[in-house]
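Quick notes on the structure that follows.
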Amino acid sequence: MQVLTPLFHVFVFPGFLFLIAFGLFASWVDRKLVAKMQNRVGPPLIQPFADLIKLLAKEDIIPESANRAMFAVAPLVAFAGVVASAIYVPMWSAQAANSFQGDLIVVIYLLTLPAFALFLGGWYSTNPFATIGATRVLSQLFGYEVPFFLACLGPALAGGSWSISEITAAQADGGWFIAAAPLSFIVAMIALIGKLERVPFDIPQAKTEIVSGPEVEYTGKRLALWKLSFLAETIVASALIAALFLGGPHFWGIPFGDMPAWLAGLVGLIVLAVKILLIVFFLSLTRAALARIRIDQMVEWCLLWLGIPALVNLGIIIFTMS
Amino acid sequence: MAKLDFPVGPQHPALKEPENLRFSVDGELVVDADIRIGYVHRSIERSCSERNFVQDLYLCERVCGICSNAHTQNYCQAVEAIAGVEIPERAQWIRMIMHEFERIHSHLLWLGVAGHEIGFESLFMYVWRDREVIQDILEMVSGNRGHYAMTMLGGVRYDIAPEMVTKIREGLAFLRQRAEYYADIATSEQTFLERTSGVGVVSGETCVQLGAVGPVLRASGVAFDVRRTFPYLQYDKVEFPVRTSELCDVLGRTLVRVQEVIDACDICTQCLDMMPEGDVNMRFPRKVPEGEAVARIEAQRGEVIYYVRSNGTDVPERVKIRTPTLANLPASLEMVKGGYIADIPIAFASIDPCFSCADRMVELNDVSSGDSRTMTWAELVKLSRRKS
Amino acid sequence: MLNGLVKWARGKSPWVCHLNCGSCNGCDIEIVAALMPRFDLERFGVLLEGSPRHADVLMTTGPVTRQIRDRVIRVYDQVAEPKFVVAVGTCGVSGAPFYPGYNVLGGVDSVIPVDMYVPGCPARPDAIAYGVLKLLGTLDPKADALVKEIESRRDTTGLVYTPSEMAEMRQANETSLGQTAARS
Amino acid sequence: MTASGVLYHPVTVFALAMFAGWLIYLFGKAIAPASHAVGGKLRTYACGEDVKGSSFPTAYHLFHAAFIFTLLDVLALVLGTNPGQVLPWLAGSYLVVGLVAIIILFKD
């Protein structure tokens, strides 16, 4: 049992299989919502799954001028980073599959892995579009990563802990940290758009400018893995934001303590799933309502209008606590 | 600092047409731009002088799928001028209506594409949804969604029936209202402004020097519109302003185009009001007398010029087409130089490029071996110096 | 089982890459129009992709000009297997009015193999959508059922042609041309 | 350290997740057609044109952004590891220094 539980956590829930399944579902929700907002019908529920299988069943091409090893491994690293981070984010109760002091920092750094891997994969494709896309990935990372980190520090300071599970547990009585750190929450949400490279921050993949950026040379299963990584990252990063600011699986009036463990877990998971889908809804809304901005505008805007509010909120928390 | 060679086209999502733009980029900045055209060269001018006047109508229509009506109309004007034929008045009004319909459809299409280029998918979807209204009207009037084949030598092919008029009026009222809404979006949506304001700037003076035409020229503050300066058809009888903008950037061009949609709706309404009853076409001689003529027309992208020379047979001796995109290309290269890579698609799209109109080519045939080859510009210059 | 799943997925999710071989723009805008709210090809899983590396279906428009020829072959090569080509518009089918021109090589199938022909000048968005569906129908029985349903609802003769139908027509055409030539 | 402790260690979890991703690769390999290099298939994609694939030294702007990034990252870590208990005024003054640094960097 001692060996099986961790393996279950990594491969089934909340890791590998769960992330893929829920990621595909969230991707359908996103596509359907955007289609509805654009006055279209939108794809059927099974569509993301069909896309995945189809991509896996495509020929795999590695361009001759690309660095084979880096080209092949980059998507794996991205995917592994996201799956690994899911273990430390509370998914069904305040307690994550595993937690320790400092797992917040580990998760934040694991979640930057897709961006770094995308940079490496694009860079070693040695394609002009991929190279420019890769540079953009990195520039954009500089723009959103610090504000995201600072925003996540808000709840950490408010909860007085470095463990996501403890931070979530501190909100069990209903005192969500969105109240203590409203600015940080907004900053985290906007930085999340940058992290997931979605409109208006889909600059690294900008289809009409650099075709699809770092992913341009990828085909078949490697492209599928890139798509999966970002789908899974949507879930994990949304769950992280929910855990830090929105009380994770908690909700007012639901007496988790009185329920049997399995029911509490199930209800917690459903509550969290709803919160994740709300965040996805926000992402779809921005995607439907905004145009893509330029990389220089993005970096400047982010550091100024995300960095400073996050710092201000941190300052407020530090001084009110002391 | 090493520069990266950054190709756009012939197959690129930002371009719906195959064209090769080469940019020298330093990080995100465009240092130099060059264009290589000729991928869509379909030898139309040559083919025109191998077919008779009526067949050429079909060919000229297919110069461009978006401004097809402008091409046939222009061609007909030139040929009719050589033949000295005055077409029925009602036909002139119907030609004008088709001309303005096409302007509406083309400008809306452009607005959608502009949204697409800056990643504003919803604008793209909404504009194209509304564009279907004008497509339906065009289909109702002419029988086809594109390549309407409305214009023929000696008039127009179909009349606009009274029951169509009410539908057209309804459609125009709707489109006018939508165009006003899009003009509002263009000036109020923050991300749209960020991407269009101050992008692709080219001054009116430069525009004139480089020979730019149409909305590009007007958006740089030069009030030139063939419909007003050299009125053709019945344009001297309708009221419409020549829209200009002092902004000189992509936003200016957007506004000029959106306002022209509104004007086009108004012109169409006036035409429907003033149109007299009568024939819509007349018999046109198969052989055209010897002579030559130039016709100019304000198509949606700018001035189109047709030069037709006849030698008295039923086949024209020469048909020469000058299209607005070719005239606007030098200005478009000025727009992207010194800008960001991200601005290339939108700045370039802001001239509403249509390469199928513009394509010219130089082909070098080695007579002895029969090989044809392409040459770089430097090689060509060297060759021309040697020969001269 | 696995084979069936893969076939189903391929029929369900064709990503399209648009390739203009020298078209007049008419068909290109109709392809885009097919993705718009009115027709919305995304409900059949069609996505417009920028890179041919990501695409399954190459939608070509226009006659192949001399200069684009090598680029068409290059782009076609760069699409990952399995790949399909839909020739949109009469020019893409045969080269149409431009064909005898000195710079035009003819239809797309003179350069790369074509899996579905959608004639029309320009091809209508609904014909394009039907062409894609019919192509999918050769892969996925479910899509085939949809095609059958469409065919029962409206007359689809002449809207699209499969390669075998096209070959038959060309054969018939040549025979009749040969007869005319023999008579004269 | 217990077996589950070892398995839950971030490095182990990461390795296991890599393995999971590799399973996807395996699955893909099983159902995908084999790759054959035909014509220009393996050439760098450049819109159909022939472009030699090469990386290039990146622009100066990137380093500017990287500098701000490093500065803020350090700032965040210092603030983070001093969660309000030790010396709040020190954290506060560091915050001010960081803000000033951002403003200076944005001046140009």
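Numerical summary
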{"item": "Per-region count, segment B:131-158, residues in a loop (DSSP other than H, G, I, E, B), surrounded by fewer than 18 Cβ atoms within 10 Å (Cβ to Cβ) and of a type in the set (D, E, K, R)", "result": "1"}
{"item": "Any chance A:Leu244 is in a helix (DSSP H, G or I), touching a Phe, Trp or Tyr at 6+ places or on another chain (Cβ under 7 Å) and surrounded by 20 or more Cβ atoms within 10 Å (Cβ to Cβ)", "result": "yes"}
{"item": "Test: residue in segment A:29-36 that is buried (at least 19 other Cβ atoms within 10 Å of the Cβ) and facing chain D (nearest Cβ under 9 Å)", "result": "no"}
{"item": "When residues of segment B:320-336 are limited to those that are assigned to a helix (DSSP H, G or I) and more than 23 Å from B:Gly198 (Cα to Cα), the one least open to solvent (accessible area, probe 1.4 Å)", "result": "B:Pro324"}
{"item": "Failed item in (1) open to solvent by less than 40 Å² (accessible area, probe 1.4 Å); (2) under 16 Å from C:Arg53 (Cβ atoms), with A:Val82 passing the rest", "result": "(2)"}
{"item": "Members of segment A:141-166 found to be more than 8 Å from every other protein chain (Cβ to nearest Cβ) and touching a Pro at 6+ places or on another chain (Cβ under 7 Å), listed by number", "result": "A:Ile164, A:Ser165"}
{"item": "Verdict on B:Ala186 being assigned to a helix (DSSP H, G or I), modelled with pLDDT under 85 and open to solvent by less than 40 Å² (accessible area, probe 1.4 Å)", "result": "yes"}
{"item": "Lone qualifier among A:Leu104, A:Leu76, A:Leu120 - being within 9 Å of chain D (Cβ to nearest Cβ) and either open to solvent by 10 Å² or more (accessible area, probe 1.4 Å) or farther than 27 Å from A:Ser27 by Cβ (or both)", "result": "A:Leu76"}
{"item": "Odd one out for A:Lys221 among (1) at negative phi; (2) in a loop (DSSP other than H, G, I, E, B); (3) in contact with a Leu (Cβ under 9 Å, 6 or more places away or on another chain)", "result": "(2)"}
{"item": "Among the candidates A:Phe49, A:Phe16, A:Phe11, A:Phe22, residue that is in contact (Cβ under 8 Å) with a residue 24 or more places away in the chain, at the interface with chain D (Cβ under 8 Å from one of its Cβ atoms) and aromatic (Phe, Trp, Tyr)", "result": "A:Phe16"}
{"item": "Number of the exception - A:Gln297 against (1) among the polar types (S, T, N, Q); (2) surrounded by fewer than 22 Cβ atoms within 10 Å (Cβ to Cβ); (3) more than 14 Å from chain B (Cβ to nearest Cβ)", "result": "(3)"}
{"item": "Out of D:Leu42, D:Leu23, D:Leu16, sole residue that is modelled with pLDDT of 75 or more, surrounded by fewer than 15 Cβ atoms within 10 Å (Cβ to Cβ) and farther than 28 Å from A:Leu157 by Cβ", "result": "D:Leu23"}
{"item": "Counted residues, segment C:136-184 - those being assigned to a helix (DSSP H, G or I), closer than 15 Å to C:Pro119 by Cβ and either open to solvent by less than 60 Å² (accessible area, probe 1.4 Å) or of a type in the set (A, V, I, L, M, F, W, C) (or both)", "result": "4"}
{"item": "Candidates C:Cys17, C:Cys27 - the one that is open to solvent by less than 10 Å² (accessible area, probe 1.4 Å) and at pLDDT 85 or above", "result": "C:Cys17"}
{"item": "So C:Asn103, is it exposed (fewer than 12 other Cβ atoms within 10 Å of the Cβ) and either free of Cβ contacts under 8 Å to residues at least 40 places away in the same chain or under 22 Å from C:Glu30 (Cβ atoms) (or both)", "result": "no"}
{"item": "Residue that is surrounded by the fewest Cβ atoms within 10 Å (Cβ to Cβ) [pool: residues in segment A:307-322 that are more than 7 Å from every other protein chain (Cβ to nearest Cβ) and farther than 15 Å from D:Ile103 by Cβ]", "result": "A:Thr320"}
{"item": "Residue selected from segment A:199-223 under the condition among the polar types (S, T, N, Q) and under 21 Å from A:Val77 (Cβ atoms), by the criterion most open to solvent (accessible area, probe 1.4 Å)", "result": "A:Gln205"}
{"item": "Residue within segment A:249-261 that is touching a residue at least 60 places away in the same chain (Cβ under 8 Å) and of a type in the set (Gly, Ala, Ser) present", "result": "no"}
{"item": "Qualifying position, being open to solvent by 10 Å² or more (accessible area, probe 1.4 Å) and in a helix (DSSP H, G or I), among A:Trp252, A:Trp262, A:Trp226", "result": "A:Trp262"}
{"item": "Every residue from segment C:72-97 that is at the interface with another protein chain (Cβ under 7 Å from one of its Cβ atoms), surrounded by fewer than 24 Cβ atoms within 10 Å (Cβ to Cβ) and within 23 Å of C:Ile29 (Cβ to Cβ)", "result": "C:Pro97"}
{"item": "Criterion (within 14 Å of chain D (Cβ to nearest Cβ), in a loop (DSSP other than H, G, I, E, B) and open to solvent by 20 Å² or more (accessible area, probe 1.4 Å)) met by exactly one of A:Ser99, A:Ser93, A:Ser125", "result": "A:Ser99"}
{"item": "Any hit, segment B:50-67, residues being surrounded by fewer than 24 Cβ atoms within 10 Å (Cβ to Cβ) and polar (S, T, N, Q)", "result": "yes"}
{"item": "Subset of segment B:296-319 [closer than 21 Å to B:Gly65 by Cα, open to solvent by 40 Å² or more (accessible area, probe 1.4 Å) and over 13 Å from the mean Cα position of the chain (by Cα)]", "result": "B:Tyr307"}
{"item": "Cross-chain or 6+ apart pairs with Cβ under 6 Å, segment A:279-305 first and basic (Lys, Arg), then assigned to a helix (DSSP H, G or I)", "result": "A:Arg287/A:Val34; A:Arg294/B:Ala342"}
{"item": "Residue match in segment C:42-50 (condition: within 14 Å of chain B (Cβ to nearest Cβ), at pLDDT 85 or above and crowded, with 24+ Cβ neighbours inside 10 Å)", "result": "no"}
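For (1) within 19 Å of the chain's Cα centre (by Cα); (2) in contact (Cβ under 8 Å) with a residue 40 or more places away in the chain; (3) facing chain C (nearest Cβ under 10 Å), each residue gets a yes or a no:
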| residue | (1), (2), (3) |
| --- | --- |
| B:Gly65 | yes, yes, yes |
| B:Ser68 | yes, yes, yes |
| B:Thr72 | yes, yes, no |
| B:Ala78 | yes, yes, no |
| B:Pro88 | no, yes, no |
| B:Trp93 | no, yes, no |
| B:His105 | yes, no, yes |
| B:Glu132 | no, no, yes |
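The values are calculated or read from the model by the stated rules, or taken from the named source; none is laboratory data. Since the model is a prediction, treat every value here as computed from it, not as a measurement. As a convention, Cβ positions derive from the backbone with ideal geometry for all residues, glycine included, and neighbour counts pool all protein chains shown. When the accessible area is computed, the model is the full protein with side chains, heavy atoms only, and any ligands, DNA or RNA have been set aside. Shrake-Rupley method; radii C 1.70, N 1.55, O 1.52, S 1.80 Å.
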